[in-house]
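*Asks:* Take a look at the following structure, please.
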Amino acid sequence: MSDENRTPRKKQDFEETLGRSDTNVASFAPKQRTFLQSAQHLLHGNPTMVPVIVLIMSIIIFGALAGPKFFSPFNLSLILQQVSVIGILAAAQSLVILTAGIDLSVGAIMVLISVIMGQLAVSLGVPSPLAVLIGFGCGALAGGMNGFLVTRIKLPPFIVTLGSWNIFFALNLWLSGAQSIRSQTLDEVAPLLKFFGESIAIGGARVTYGSILMLAIFAVLWFLLNHTAWGRHVYALGDDKESAELSGIRTNRTLISVYILAGLVCAIGGWASIGRVGSVSPQSFQEANLQSITAVVIGGISLFGGRGSIAGPLIGALIVGVFNSGLRMVGVDVLWQLFAIGWLTIIAVAIDQWIRKVSS
Amino acid sequence: MSDENRTPRKKQDFEETLGRSDTNVASFAPKQRTFLQSAQHLLHGNPTMVPVIVLIMSIIIFGALAGPKFFSPFNLSLILQQVSVIGILAAAQSLVILTAGIDLSVGAIMVLISVIMGQLAVSLGVPSPLAVLIGFGCGALAGGMNGFLVTRIKLPPFIVTLGSWNIFFALNLWLSGAQSIRSQTLDEVAPLLKFFGESIAIGGARVTYGSILMLAIFAVLWFLLNHTAWGRHVYALGDDKESAELSGIRTNRTLISVYILAGLVCAIGGWASIGRVGSVSPQSFQEANLQSITAVVIGGISLFGGRGSIAGPLIGALIVGVFNSGLRMVGVDVLWQLFAIGWLTIIAVAIDQWIRKVSS
Amino acid sequence: DEIGACLITKTDINPFFVKMKEGATAASLAMNIDLSTYAGKIDGDHETQVQAVESCIASGAKGILITASDTKAIVPVLKKARDAGILVIALDTPLEPIDAADATFATDNFKAGQLIGEWAKAKLGDKAADAKIAMLDLTPSAPSVDVLRDQGFLDGFGVDIKDKNKIGDEDDKRIVGHDVTNGNEEGGRKAMENLLQRDSGINVVYTINEPAAAGAYEALKAFNMEKGVLIVSVDGGCPGVLNVKDGVIGATSQQYPVDMAYKGIEAIRAWADNGTKPENTKGLNFYDTGVNLVTDSPAEGVPSIGVDEGMSRCWG
Amino acid sequence: MTNTQNTPQPVLSGRGLVKRYGRVTALDHADFDLYPGEILAVIGDNGAGKSSLIKALSGAITLDEGEILLEGKPVSFSSPMDARDAGIETVYQTLALSPALSIADNMFMGRELRRPGFAGKFLKMLDHPGMQRIAREKLNELGLMTIQNINQAVETLSGGQRQGVAVARAAAFGSRVVIMDEPTAALGVKESRRVLELIQDVRSRGMPIVLISHNMPHVFEVADRIHIHRLGKRLCTIKPDDYSMSDAVAFMTGALEAPEAA
Amino acid sequence: MTNTQNTPQPVLSGRGLVKRYGRVTALDHADFDLYPGEILAVIGDNGAGKSSLIKALSGAITLDEGEILLEGKPVSFSSPMDARDAGIETVYQTLALSPALSIADNMFMGRELRRPGFAGKFLKMLDHPGMQRIAREKLNELGLMTIQNINQAVETLSGGQRQGVAVARAAAFGSRVVIMDEPTAALGVKESRRVLELIQDVRSRGMPIVLISHNMPHVFEVADRIHIHRLGKRLCTIKPDDYSMSDAVAFMTGALEAPEAA
Ligand SMILES: Nc1ncnc2c1ncn2[C@@H]1O[C@H](COP(=O)(O)OP(=O)(O)OP(=O)(O)O)[C@@H](O)[C@H]1O
Ligand SMILES: Nc1ncnc2c1ncn2[C@@H]1O[C@H](COP(=O)(O)OP(=O)(O)OP(=O)(O)O)[C@@H](O)[C@H]1O
Ligand SMILES: [Mg+2]
Ligand SMILES: [Mg+2]
């Protein structure tokens, strides 16, 4: 043991030459590429471009098939309107999928919350703003329950949300008695609940507040995910939970916050859904879960977590919307619409995978 | 460079003492355990026991609630009968989940195949045995398509089967025109299709061939998974695909064989389902996907692949069957049945996780 | 003495079946019957109904009331029930063949469709010849109610419906298109929007039920077209009748699920007491629980009742 | 380094640490002491419990028994974050990097810099350019890296480069103790040398370091004391000047009885 | 070892191997030669492309250009299975074990033994007891393991023990060439020594071995020839008797110009 100025002990002798070692960085000449490979490379650098290109392509194709009506600002704004609720759910779903989870209960939470808001305002006479706030609280609570089971009891998200989906659905039926609350009743008692159904005309387009809300939610989530520490933590824990934990992130706390936020976004979606359908309808949106997942994966977010931009699911929802609307305008039979959506899902993700691969 | 008898070069000198190093194996005294911990330990050694215990517990509880009728051989054999189709699907699902995949299309394949068999035999007049064989072929093909997309195009199984679910469902509606084929028609033209609906009486119990088929399928899969190289490869690739590939397994070939086998098992399930419901019903079993997944996870197979015994899903399916039957017999409202099944899923898996954890 | 009975409905999420259940529960209390209720999880969930029938047999019930999801496929298991001495009554939806049940208490769905078809035709008068019709159906798998109402409406409107068992095989130019709504507001709205995009001149809208009609109305309102379009529907639930009153729906065919359930329970009591089976309505092979057209703007030649009477008999 | 005279208080110590994994007892009443400003090497056979020991000290696992003292005061770390907040920075054997995130993101994981002013204070907006600049500086300082792009995802780096990022992170942010679990295991000769220099650098800033390594020449070159771990406990600690490598290896493998003093 | 006189034909060689990962060229026209019965060490900086080289030789990655020759004949391995069937056995840096499976299962992965007779031939039934027995024997032979239960899942082993299993597997089944990518990186002193002895054992059975390692003393102790890899190509090969460790390190890091001959 020596004092602070001790002479360093001997290195192994073969290490003595290291001082002279090369410090250049390796560099290699790029190889020749075919056009396809160049395109692949270009897109690889900007993976969010992929869904955008798929979107543009499908708009062009359906425009060609369905005629100029398809391109009208009115029709395009209608598509935006139609995807607004699924888009909001896709935003919530993206958060969960980024953490390498999956939330099968988003649709059920959304409908449950719309029922809660409606019953509070109409049957119990709670002032609408309060009903909305309570609805938000319940949404956060429902998400929090999922998050608790995932983080504390350490159950796989798939199981938790498969179970809670049934639970929320049962609660929905119980609270609503499977009865809708009519549009006219809402107009009288609680017009606030229909707020997001109102629209502003911009040229020929009719943009509902619901559509704007969807865009706003995506914008806020984009900011949170990319420009706050919380967002970086969400990505890190989705990427590799254990590493994230070891590198000093309170992963459980972050994870539970993700589920709560997702629940809250679903609750906002519930409010928006009342505006969209005009009434409080406990039977609507039964397909919403799978549609939201489809939008997320078409949008290029990896089901394994940690990869993908939140802008993707927005585009993904629009692609699904364009497909649905386009197929219907062209007059394709409902049955073959199902068929086409099935292939769309597979092909869109296949293109995405191909882009991400870069060279065989 | 020296010849074959060269003297070995010098080791680093600190390594010279190694010859004398201790060769005992480390051993530690076991710590004191509470009763709960001991039970946990015992079950940890035999994880398949967990679902068995849950099953026995639920039989006892429902027996107590629903009275002696519940224990009658007739009712117990009825439960076996009722779970037979879901059980067969759960067997197919287990295979896929063991490879760390998931198959959302099992139910759709099964119904599609029952429709194909029925249409061939009834509308086209194909002899029933041939219709059954063609049905098997189509099942394997449908599974093979999933497998191809998963292995060759390298898409996540969730996406592939989400897409193919829509595709198979559309084909089903197209082929059947959403029309059932009546029981009487089958009796006349193709009684073979209803074979698995027949039953033998054992005491008061009525065991259908379909129930026996389910047990036989599980037995065969158990043998394949535990006593053939193929089975080991399935576990290895589900555990860690890259390692399996590097340790010399043709993972893609194995993976595709898993999907084909799963498709074939679904096709067998399709045949059994005709016997079970008595007719060819294109609208049946819409919930079958999620129920099969529930049975698999309650049975203790990890959604992350590579872990769990194929016996588990059989027990899992029985648990779900006992729950459904018990809740009905107790007279619980449908709504609260949903609620209870939701919690069952969560709690059964939570118990399983707890057992597997062993000490905090 | 108390006897057991079962009510098996298609789902628990449709107010029609919820009301039917409430009616049956009330009747059972009055008639000292121990009623168990079952339902499929989603529309078309046939397997769950089979299991429910089996549970009923196992529990030793005296009678089963069922609204079948798959009217053909349910027959074998119901035969088992009848063989076990259970009275099987089909509610709302007839089985195929209809005599697979001991009795059928149902709305004539084809007739319900015809009534609104005739009404719409009469309302339009001469303009009916170049009407533009939107058909808002139930699901892609087109269960029998879906077909009967759809085809009934077209028949009543004077369209050549070709195959009576098939939706969409008509080639009448007046039909703008068919779309599915899943029988709820959201589906109704989306389907209406899409059909309007195909042809904005639509002036007659057929809807499978009143929630779908409410959704379609929202879409029309958003297009500022709610004034000139006739919406017709089937069901007669209280919110639906209120919507007729408010002018959302022009006319709706009202059915009586509570009656069906009440009569069903009554029949089971009678069967248990003295072994009598209910009889059919004269000239029909089922007991018609009746259907009435509800509207405040009656059309000549089409029998109808007013909204006030409709309200007094509505079910939800 | 002055633990020769009046033994100073250890910076970090563990007493009677026990950690069981089912039937395996990874730590069996192990003790540990790290004195101010020293490089303490921890050596031991595979499976001796070295990683478990440092995981316990850095809050990554919860102990079954025993207590941890930081500057004499008992502490209980329920997560790595707690340990980090107390100034203990660790390079784990598994590195604990997020493969899909950039080098800069990884370096600042869990201690991100915010923008100055409103954006940072109220919107909690991150200072991406600032973090990138600092990350580049730190890596250059270490001279460890031949990395072209600080925004490159960590998964695109070679194993050695990744280890470099993890080491750089710990060295840059440790304020009280830096713990390194086999930091040179996957590194080349040149890169290992850099890490050893780095360790000495950090020590010369007065920070004590725990170094787990199987490389005896490295251990004997840099360590002030050597903690020999065997069968889940501390067998003894020795000074490299008092014993030869052969002795250390003999103690560690059980070929020789351990000397008296701990 | 006789490549001093009339140079014999190499067992395994590579010519002009190229492998690109996106913008990175991991192998840049690299050559490779392994002669019968020799231990060939491959050394190089982190990221030099050593792992890529051996992955190419063992069929784990597909080459963009170049050819591989096995005993002079061009071969093309489309998967690790092909290489294994040709007698090339590899220990990868990542070990390639299935964590949830037992030690015995892992050792026989992809070459399971079947029961004799009907059960094996027609039912293709596995001979579990036979495989367990052989696995136990092989591990004992190596003396590498202190494993109590051959049916233990690999995930319950320490990092060092796992490496032992992977090495044992390769040594037991290789018939023509054994390749080891940093087999001692995570191993303790004692365990490393065993692996080195094992390597020499395998060589003394006449089988050539490729050893990638960053540990110069080990390399110089066991290697017959040293392949120095730099910037994706073979810089040169040297004999440990002709050059010192310092020289090798200097070549490898670019501190000295490489000698002429390959
Ligand atoms: N998560 C775990 N689950 C079960 N057993 C574990 C776990 N982590 C470690 N062990 C066991 O605890 C013992 C000590 O492991 P540890 O990783 O601390 O050893 P080590 O000294 O770091 O070994 P190495 O030099 O190989 O890294 C080993 O027997 C190991 O198998
Ligand atoms: N799958 C991959 N994707 C992208 N780049 C890769 C991949 N594998 C290796 N590389 C890159 O190829 C180069 C060579 O890597 P390789 O693993 O062959 O190096 P190595 O010599 O084995 O290094 P080490 O000593 O650190 O193991 C590195 O720059 C690495 O980043
Ligand atoms: Mg360790
Ligand atoms: Mg390497």
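*Asks:* How high is the relative contact order of chain A, in percent, counting Cα pairs under 8 Å that sit 6 or more residues apart?
*Replies:* 32
*Asks:* Could you please state how large a percent of the accessible area of chain E is carbon and sulfur, counting protein chains only and using a 1.4 Å probe?
*Replies:* Within chain E, the accessible surface is 47 percent carbon and sulfur.
*Asks:* Calculate the length of the line joining the C-alpha centroid of the range B:196-216 to that of the range E:12-59, in whole Å.
*Replies:* 62
*Asks:* For helix C:46-59, what angle does its Cα long axis make with the longest principal axis of chain C, in degrees from 0 to 90 and rounded to 10?
*Replies:* Approximately 20 degrees, to the nearest ten.
*Asks:* If you don't mind, another one. With unit charges on the beta carbons (Lys and Arg positive, Asp and Glu negative) and the dipole taken about the Cα centre of the protein assembly as shown, which residue among B:P127, D:P8, C:M192 sits farthest to the positive side?
*Replies:* D:P8
*Asks:* With angles folded into 0 to 90 degrees, how steeply does helix A:49-66 sit against the dominant principal axis of chain A? Use alpha carbons for both and round to 10.
*Replies:* On a 0 to 90 degree scale, this one is about 40.
*Asks:* Which cysteines in the protein assembly as shown lack any other cysteine whose Cβ sits under 4.7 Å from their own Cβ?
*Replies:* Within the protein assembly as shown, the cysteines lacking a partner Cβ under 4.7 Å are A:C138, A:C266, B:C138, B:C266, D:C236, E:C236.
*Asks:* For the range E:1-107, I need the span (max minus min coordinate) of the C-alpha atoms along each principal axis, in Å, sorted largest to smallest.
*Replies:* 49, 37, 27
*Asks:* On average, how much area does the Cα convex hull of chain C cover when viewed from any direction, in nm²?
*Replies:* Projected over every direction and averaged, the Cα hull of chain C covers 15.2 nm².
*Asks:* Spelling out what I want: for every residue of the range B:198-203, take phi, set θ = phi - 60°, compute 6.51 cos²θ - 1.76 cosθ + 1.60 (Karplus), and round to whole Hz; glycine and proline get x.
*Replies:* With the stated coefficients, the range B:198-203 comes to 5, 9, 10, 8, 10, x Hz.
*Asks:* Would you mind listing the distances between the D:Y21 label point and the same position in each other copy? Use 7 Å along Cα-to-C-beta, nm, one decimal, shortest first.
*Replies:* Result for D:Y21, in nm, nearest copy first: 2.7.
*Asks:* Mind checking the mean number of beta-carbon atoms from other chains within 10 Å of the Cβ atoms in D:239-252?
*Replies:* 4
*Asks:* Right, something else. Considering only protein heavy atoms, what per residue accessible area in square angstrom results for the protein assembly as shown with a 1.4 angstrom probe?
*Replies:* 36
*Asks:* How many Cβ atoms of partner chains, on average, are near each residue of A:340-348 if near means within 10 Å of its Cβ?
*Replies:* 6
*Asks:* Note every residue of the range C:40-68 with a reduction of at least 30 square angstrom in accessible area, all protein chains present versus the isolated chain, computed with a 1.4 Å probe, or write none.
*Replies:* Flagged in the range C:40-68: C:K41, C:I42, C:G44, C:H46, C:E47, C:Q51, C:E54, C:S55, C:A58, C:S59.
*Asks:* Would you please put E:133-140, B:344-351 in order of how densely packed they are, using the mean number of other Cβ atoms within 10 angstrom per residue and starting with the highest?
*Replies:* B:344-351, E:133-140
*Asks:* Hey, with R₀ at 22 Å, roughly what FRET efficiency would D:N140 and E:E257 work out to, going by the Cβ-Cβ distance, to 0.05?
*Replies:* The pair D:N140/E:E257 has a calculated efficiency of 0.20.
*Asks:* Ignoring ligands, DNA and RNA, what percent of the accessible area of the range C:14-119 is carbon or sulfur (1.4 Å)?
*Replies:* C and S fraction of accessible area: 50 percent.
*Asks:* Arranged from highest to lowest average of other beta-carbon atoms within 10 Å per residue, in what order do the peptides A:66-77, A:183-194, E:23-34 appear?
*Replies:* Top to bottom by mean Cβ count within 10 Å: E:23-34, A:183-194, A:66-77.
*Asks:* When all alpha-carbon pairs of the protein assembly as shown are counted, what percent fall beyond 43 Å?
*Replies:* 54
*Asks:* Ok, one more. Could you name every residue in the range D:96-138 that has 40 Å² or more less accessible surface in the full protein assembly than in its own chain alone (probe 1.4 Å, ligands and nucleic acids excluded)?
*Replies:* Buried on complex formation: D:A96, D:S98, D:A100, D:L101, D:M109, D:E112, D:M125, D:L126, D:H128.
*Asks:* Could you work out, residue by residue across A:247-256, how many beta carbons of other chains sit within 10 Å of that residue's beta carbon, and then give the average as an integer?
*Replies:* 5
*Asks:* Charges on Cβ only, +1 for Lys and Arg, -1 for Asp and Glu, centred on the Cα centroid of the range D:12-253; of D:N151, D:A168, D:G37, which one is farthest towards the dipole's positive end?
*Replies:* D:N151
*Asks:* I need the Debye-formula profile for the range C:87-188: one equal scatterer per C-alpha, no solvent, reported as log10 I(q)/I(0) at q = 0.15, 0.20 1/Å, two decimals.
*Replies:* -0.66, -1.04
*Asks:* Cut-off 20 Å, label point 7 angstrom out along Cα-to-Cβ of C:K227: give me the residues of the range C:275-303 whose amide nitrogen falls inside.
*Replies:* Hits in the range C:275-303 for C:K227 at 20 Å: C:297.
*Asks:* Once the cut-off is 14 Å, how many percent of the Cα-Cα pairs in the range C:232-282 end up in the long-distance tail?
*Replies:* Pairs farther apart than 14 Å: 62 percent.
*Asks:* For the range E:12-253, go through all pairs of different Cα atoms, get the mean of 1/r, take its inverse, and jot down that Kirkwood value in Å.
*Replies:* 18.6
*Asks:* A follow-up question, please. Over chain D, calculate the relative contact order: mean separation of alpha carbon pairs under 8 Å at least 6 apart, over the residue count, as a percent.
*Replies:* Reported as a whole number, the value is 25 percent.
*Asks:* Can you find, among A:Y235, A:I61, A:I268, the residue farthest towards the positive end of the dipole of chain A? Put +1 on the C-beta of Lys and Arg, -1 on that of Asp and Glu.
*Replies:* Value: A:I61.
*Asks:* Can you list the copy-to-copy distances for B:I60, using a point 7 angstrom from Cα toward Cβ, in nanometres, shortest first?
*Replies:* Shortest to longest, the spacings are 6.9 nm.
*Asks:* Something else: Counting Lys and Arg as +1 and Asp and Glu as -1, each charge on the Cβ, what is the dipole of the range D:12-253 about the Cα centre in debye, to the nearest 20?
*Replies:* That gives a dipole near 640 debye.
*Asks:* With θ set to phi - 60°, apply the Karplus curve 6.51 cos²θ - 1.76 cosθ + 1.60 along the range A:165-174 and write out the HN-Hα couplings as whole Hz, x wherever there is a Gly or Pro.
*Replies:* Taking θ as phi minus 60°, the curve returns 4, 4, 5, 5, 5, 4, 4, 4, 5, 5 Hz for the range A:165-174.
*Asks:* I've got another one for you. Starting from the Cα of C:K263, draw a straight line to each of the aspartates and glutamates and keep only those under 17 Å, dropping any in the same chain fewer than 8 residues away.
*Replies:* Partners within reach: C:E22, C:D34, C:D92, C:D102, C:D108, C:D273, C:E279, C:D288.
*Asks:* Kindly rank A:84-90, C:140-146 from highest to lowest mean number of other beta carbons found within 10 Å of each residue.
*Replies:* So the order, starting with the most tightly packed, is A:84-90, C:140-146.
*Asks:* Something else about it: Under 5 Å between amide H atoms, partner at least 5 residues away or on a different chain: which partners does A:T228 have, H built in plane at 1.01 Å?
*Replies:* Answer set, sorted by chain and number: D:L126.
*Asks:* So, one more: Taking amide hydrogens as modeled 1.01 Å from N in the peptide plane, which residues meet the under 5 Å criterion relative to E:L211, leaving out close sequence neighbours?
*Replies:* E:L40, E:A41, E:V42, E:M180
*Asks:* Hey, another quick one. Could you sort the residues of the range C:207-229 by number and keep only those whose accessible area is reduced by 50 Å² or more in the all-protein-chain setting relative to the chain alone, 1.4 Å probe?
*Replies:* C:E218
*Asks:* How much accessible area is lost when chains C and A come together, counting both sides, with a 1.4 Å probe, in Å² rounded to the nearest 100?
*Replies:* Between C and A, the summed buried area is about 3100 Å².
*Asks:* Tell me which residues come under 5 Å, amide H to amide H, from C:F286 once H is placed; ignore anything under 5 positions away on its chain.
*Replies:* C:T281
*Asks:* Right, something else. In chain B, carbon and sulfur make up what percent of the accessible area (probe 1.4 Å)?
*Replies:* 66
*Asks:* Treat each spin label as a single point 7 Å out from the Cα along the C-beta direction, and report the A:F148 to E:Q152 distance in nm.
*Replies:* Taking the two extended label points, one gets 4.0 nm.
*Asks:* Calculate the dipole size of the protein assembly as shown relative to its Cα centre from +1 charges on Lys and Arg beta carbons and -1 charges on Asp and Glu beta carbons; express the result in debye to the nearest 20.
*Replies:* The dipole of the protein assembly as shown has a size of about 1480 debye.
*Asks:* So, one more: HN-Hα J couplings of the range B:304-312 from phi, Karplus 6.51/-1.76/1.60, θ = phi - 60°, integer Hz, Gly and Pro as x?
*Replies:* Running phi through 6.51 cos²θ - 1.76 cosθ + 1.60 with θ = phi - 60° gives 8, x, x, 10, x, 9, 5, 5, x Hz.
*Asks:* Using only Cα atoms, tell me the angle between helix E:189-204 and the longest principal axis of chain E; keep it within 0 to 90° and round to the nearest 10.
*Replies:* Once rounded, one gets 80 degrees.
*Asks:* Using helices alone, what [θ] at 222 nm do you get for the protein assembly as shown, with -39,500 (n - 2.57) per DSSP H run of 4 or more residues, divided over all residues and rounded to the nearest 500?
*Replies:* That calculation yields -16000 deg cm²/dmol at 222 nm.
*Asks:* Averaging sequence separations of C-alpha pairs under 8 Å and six or more residues apart, then dividing by the length of chain C, give the relative contact order as a whole percent.
*Replies:* 18
*Asks:* Can you list the distances in nanometres, one decimal and ascending, from the B:L215 label point to the identical position in each other copy, with the point 7 Å along Cα to Cβ?
*Replies:* When each copy's label point is compared with this one, the spacings are 6.4 nm.
*Asks:* Mind grabbing the interface size between D and A? I mean buried accessible area, both sides, 1.4 Å probe, in Å² to the nearest hundred.
*Replies:* Buried area between the two chains comes out at roughly 3600 Å².
*Asks:* Hey, another quick one. Taking both sides together, what accessible area is buried at the B/A interface, probe 1.4 Å, expressed in Å² and rounded to the nearest 100?
*Replies:* Between B and A, the summed buried area is about 3400 Å².
*Asks:* Oh, and also: Pairs A:K69/C:K123; D:K190/E:K233; C:K21/C:K245; D:K239/E:K190; A:K241/E:K19; C:K19/C:K111: which exceed 24 Å Cα-Cα?
*Replies:* Listed pairs above 24 Å: A:K69/C:K123; C:K21/C:K245; A:K241/E:K19.
*Asks:* Right, next: Report the per residue volume, in Å³, of the convex hull enclosing the C-alpha atoms of chain A.
*Replies:* With only Cα atoms used, chain A gives 224 Å³ per residue.
*Asks:* Can I ask one more? Can you give the charge dipole size of the range D:167-262 about its Cα centre, rounded to the nearest 20 debye, using +1 on the beta carbon of Lys and Arg and -1 on the beta carbon of Asp and Glu?
*Replies:* Here the size comes out at about 400 debye.
The values are calculated or read from the model by the stated rules, or taken from the named source; none is laboratory data. Please read all numbers here as calculations on a predicted model, not as lab measurements. Here the Cβ is made from the backbone with ideal geometry for all residues, glycine too, and neighbour counts use every protein chain on show. When the accessible area is computed, the model is the full protein with side chains, heavy atoms only, and any ligands, DNA or RNA have been set aside. Shrake-Rupley method; radii C 1.70, N 1.55, O 1.52, S 1.80 Å.
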